[in-house]
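The values are calculated or read from the model by the stated rules, or taken from the named source; none is laboratory data. Computed from a prediction, not measured in an experiment: that's the story for all the values here. Positions of Cβ are generated from backbone atoms using ideal geometry, with glycine treated the same way; all protein chains shown enter the neighbour counts.
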């Protein structure tokens, strides 16, 4: 038996998204993911753009809710779907979809 917890947080300092590797700046929101999965405890931080992409693939049925997904598979799924990888914008911080620098 396992559990999973997803919490959105406003960052107090910069950190890297463990999914795409981009920097989430202090003051921006990102997700803390943690839980017990297949007998192992996992935790990571994920930017809002990556969280949205993961939600999309669960919605499409590409990822099984019981099996989950591998972070390193996400880029391949995005390329197959014609999605931008890594995400080129920050959904939370900006009101625009302009690329960030």
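Structure notes:
- Residue in the stretch 84-100 that is surrounded by 12 or more Cβ atoms within 10 Å (Cβ to Cβ) and at pLDDT 85 or above present: no
- From the options 71, 66, residue that is within 12 Å of the chain's Cα centre (by Cα) and modelled with pLDDT under 80: 71
- Sole exception among (1) closer than 18 Å to residue 87 by Cα; (2) in a loop (DSSP other than H, G, I, E, B); (3) touching a residue at least 60 places away in the same chain (Cβ under 8 Å) for residue 18, by number: (3)
- Residues in the stretch 56-70 that are within 19 Å of residue 3 (Cβ to Cβ) and assigned to a helix (DSSP H, G or I): 58 only.
- Yes/no for residue 44 being in a helix (DSSP H, G or I), surrounded by 12 or more Cβ atoms within 10 Å (Cβ to Cβ) and either more than 11 Å from the chain's Cα centre (by Cα) or at pLDDT 85 or above (or both): no
- Pairs where the first residue, in the stretch 26-40, is at pLDDT 90 or above and the second is in a loop (DSSP other than H, G, I, E, B) and surrounded by fewer than 14 Cβ atoms within 10 Å (Cβ to Cβ), C-beta under 8 Å, 6+ apart: 26/12; 26/13; 26/14
- Note on the stretch 49-79: residues that are within 17 Å of residue 24 (Cα to Cα) and either in contact with a strand residue (DSSP E or B) (Cβ under 6 Å, 6 or more places away or on another chain) or without any contact (Cβ under 8 Å) to a residue 12 or more places away in the chain (or both) total 1.
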